[in-house]
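Working notes for the structure below.
The values are calculated or read from the model by the stated rules, or taken from the named source; none is laboratory data. All figures in this text were calculated on a predicted structure; none of them were measured in a lab. Backbone-built Cβ (ideal geometry, glycine too); neighbour counts: all protein chains shown. The area values use the complete protein model at the heavy-atom level, side chains included, leaving out ligands, DNA and RNA. Shrake-Rupley method; radii C 1.70, N 1.55, O 1.52, S 1.80 Å.
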Amino acid sequence: MLSNAWAGSLYIKHGLANARVFTGGSDFDFLVSDGSALRYLKGAQALWESKSTERVLDMIFDSARHRFLVLTPAQIFSFSPEDKNYSSFFAADSLTCFTIANGGKDVVAGTRNGYMVIDAATGKQKGEVIRKLPCPQLTAVTEIGGKLWFGSGNGAFMLKEDGRFNYYASKRWLPSDDVKHIAKGDGNSVLVLTGAGLGKIGFMQMTLEEKAAFYDKQVRLRHIRYGLYCDVANLEHGNLSTAGLRPRDSDNLWTAMYMGSQLFRYLVTHEAEAKQNCIESFEAMERLYTIHSIPGFFARSFERRGIMPFKNEYRPYLQHYWYPGYQNTISWHHAADTEWDWKGAASSDQTVGQMFALTLLAQYMDDEGIKKRAIALMDGLMSHIVDHQLRLVDHDGRATLWGIWHPEYVNRFPEMVGDRKLYSSNIIAFLQTAWHFTGKEKYKKVAEDLLYRHGYLENLMRPFAAIGKAPPGADTWSRTLSAKWNHSDDEMYFLAYWGLYPYALNDSLKEQYRDAIRDHYEMKKPDKNALWNFCYAFTGAGDFNLKESIWHLKEMPLDMIEWSVHNSHRADITYMEENFRGQTTTDVLPPDERPEQKHNRNLFTLNGQREGHSEQGAGDVWLLPYWMGRFLGLISAPQEK
C-alpha cells in the first residue's frame, strides 16, 4: 500500500498476492484483504491476520467506535484494533454494499433486494428492509452531504428528505448504468464510477432567470435555421459536434412557441435582444406564407433547393377516407425562386401555432409595423380558411388531411371522439380573434353560425370526462382517432385558449369558455405542466398550482439531448392500470428522469429508445412557460435574500 502524499514515503508491503480490498484506520493502520485472508498492518508490521469463511466484499473504518467493519455476502463483521477481536456484528442475506451514516449512528447495508438501516451501537436492524427503490439490486451505497446515495445495475439514486428518490440513469447522467462505486467529488459534485467510465454529477445553484439565460444560449447556438426554431437532429450518440439542422414537419409550430417566449421576455425585460429574436422568428413565419403563391396558406417549412430529398412522404393513415379530395401526403415543392423549396400539407396543430403567435404580436407588440404585418397575416390565413369552407387547401386544390374544420367533417364524429370537441374549440378561437383584430364581420358571422346552428358551442363545452373511445360500430376513422388520448390535442387547446377566452363574442360565452378551460385544467393537473397551469391562470384563475409549475421548471434537465431512458423497472413508483389517457403512474416523474419533455407528448411515458440522436431546444419546452409566467406576474424576478 502506498500514498501519493509524503513524497511516497508511506509504502507498506502487505504480503498478499491478490489484495483487492483495503481501508485505513486513524493512525496509519490498515486492514487489507484478498477476498479471503484478512491482515491488519501498522507500519511494516502485520499485527493480526485471519481467514474469512465468507468472501470479503468491502471494509470501512468506524471512527466513532475505533473499529473496522468487514462486509461479506451474509454478515458484517467487526474488528477491534485494540484487542484484536473479530466478531459478527450483523447477519442478513444477500448483502452487497454498506456505509456508515447519520453521524456515525447508523450502518446502512444494501442487498440484492433493498437496503436496511442498522443501529451502529447495537447491531440491531431499524425498521423493515426498504425495497421501494428505483432499482432494489444495490451495488453501492455512501453518504454525501448528509444524503444517502445508492448505486445499482440500473443507475444511481439519492434519497430525498421526503422519502422519494432522485434517479440518475441513462447517458443523460452516466457513462453507463452499471454503477460500481459512488464518492464525493470536488465542490458540490458526486462521482459515479460505472462499467463504461467515471461520471460527474454537478449541483449548481441558479435562479430560474439564470436557467433561462442558459437555455437562451443553447437555442441561439444550435437551434435557429433561417430564423426558424428547430430541433437538432442526426447526432451520433449524443455528440453535438455531429449535429445538423434539417427541416421537420412542425418547424412552424415550434417557431411560433419560441417566438411567444421571446415576446414575453421582451415585454418583461425590455431587452433589445429578446425583441430581435422575436422579430427574426416572425419574419421566418411570414416567409412561410410568401415562399409560394397560395394566398393565406402557410408552408410547413422551407429549405435551400437540393438540400432535401425531393419526394412525397406518404402518410397511410387511411387508404379509403370518408371525405373525397383530402390530401394524404406531406410533400416538397419548388418555389418560384429557383434557390428554394417549401414543404406543404399544413395542419391544424400548426394553425394553432400560427394563430397563437400572431395573436400575441397583434395584442402586445409595441412595434406598430410588426403588429400590422401580423394582423395582415392573420387576416390572410383566416380568409383562406373561410373562403375554402373552413379548410386549408394546398397547391393541388385539395384540403390537407389535418386542416378541416367544416361541420360536415367535425360533426360526423361521435360525441365522445375528441376531435369533435377540439376542432370546434380551435376554429371558434381563430374566428373570434380574427374578428377582434380586423373588425371584419365575416369572421363573427361564421363563428356565430358554427356556435349556434352547428352545435360548436355544445361541442367545445362537452366535459373532458365524456371524451373517450368511439364505440365498436363507429366508422374506421373515428375509431382510429379515438383509440387513445392524443397529447398533441392538449397543446392545441391550451395555446388556442389565448384567443378563445379574451376575445369571446360576449360575456356569457366568456364565462362558459372559462368553465371549459377549468375543466381541461382539472383533467391535466397530474401532468404538473407549467405551460398548462399558466395558460389556465391567464383566465384570471387563482387556483392553478404555482408550486408544481415551479417544480416543473426547476426539474427540467440542462442536457436536452434525447437519450434512451427506461423507468418501467422501477419499484419506487406506483403504477396504474392501462387507461385511455395513457397515465402510467399515479405521479408524473420529474422531467430530468423521463424520456419526454415536449408539451405535445405523453409526459407519463416511462421508456424511450432515442440513443442520443437528437437534441430538443428549450425554446418551446421551457422558455415559453417561464417567460409566460413572468409576463403574467406569476413568477417574480430574482430577489435578493
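When you go through SER170, SER152 one by one, which is the residue that is more than 22 Å from the chain's Cα centre (by Cα), closer than 22 Å to GLY608 by Cβ, open to solvent by less than 40 Å² (accessible area, probe 1.4 Å) and of a type in the set (Ser, Thr, Tyr)? Spell out how you get there, then give the answer.
Details: SER170 fails: more than 22 Å from the chain's Cα centre (by Cα).
Exactly one of SER170, SER152 is more than 22 Å from the chain's Cα centre (by Cα), closer than 22 Å to GLY608 by Cβ, open to solvent by less than 40 Å² (accessible area, probe 1.4 Å) and of a type in the set (Ser, Thr, Tyr), namely SER152.
Do we have ASP341 as open to solvent by less than 10 Å² (accessible area, probe 1.4 Å) and either without any contact (Cβ under 8 Å) to a residue 60 or more places away in the chain or polar (S, T, N, Q) (or both) here? So ASP341 passes the test.
Residues that are crowded, with 18+ Cβ neighbours inside 10 Å and not aliphatic (A, V, I, L, M) were ranked within the stretch 239-253; the one that is nearest to ASN600 (Cα to Cα) is SER250. Scanning the stretch 548-573 for residues that are within 11 Å of the chain's Cα centre (by Cα) and in a loop (DSSP other than H, G, I, E, B) yields MET556, PRO557, LEU558, ASP559, MET560, GLU562. Flag not set for ARG220, criterion: open to solvent by 70 Å² or more (accessible area, probe 1.4 Å) and at pLDDT below 95. Working only within the stretch 103-144, note down all residues that are open to solvent by 20 Å² or more (accessible area, probe 1.4 Å) and either modelled with pLDDT under 95 or within 18 Å of SER78 (Cβ to Cβ) (or both). Passing the criteria: LYS105, VAL117, ASP119, ALA121, THR122, LYS124, GLN125, LYS126. Only a single item in (1) open to solvent by 60 Å² or more (accessible area, probe 1.4 Å); (2) among the β-branched types (Val, Ile, Thr); (3) out of contact with any Asp or Glu (no Cβ under 9 Å at 6 or more places or on another chain) is not met by THR574, and it is number (3). Can you tell me how many residues within the stretch 615-641 are assigned to a helix (DSSP H, G or I), among the hydroxyl-bearing types (Ser, Thr, Tyr) and open to solvent by 10 Å² or more (accessible area, probe 1.4 Å)? Total satisfying the criteria: 0.
Within the stretch 65-81, restricting attention to residues that are over 21 Å from LEU138 (Cα atoms) and either open to solvent by less than 40 Å² (accessible area, probe 1.4 Å) or at pLDDT below 95 (or both), the residue that is nearest to the chain's Cα centre (by Cα) is PHE68.
Looking only at the stretch 598-641, filter to residues that are within 28 Å of GLU236 (Cβ to Cβ) and among the hydroxyl-bearing types (Ser, Thr, Tyr); which one of those is modelled with the lowest pLDDT?
Of all residues in the stretch 598-641, those within 28 Å of GLU236 (Cβ to Cβ) come to 598-603, 605-623.
Remaining after also requiring among the hydroxyl-bearing types (Ser, Thr, Tyr): 605, 614.
Values: THR605: 98, SER614: 95.
Checked the stretch 598-641; the qualifying residue modelled with the lowest pLDDT is SER614.
For first residues located in the stretch 216-245 and assigned to a strand (DSSP E or B) and of a type outside the set (A, V, I, L, M), partners that are modelled with pLDDT under 95 and open to solvent by 10 Å² or more (accessible area, probe 1.4 Å) and lie 6+ apart or on another chain with Cβ distances below 7 Å form the pairs ARG225/LEU245; GLU236/THR242; GLY244/ASN234.
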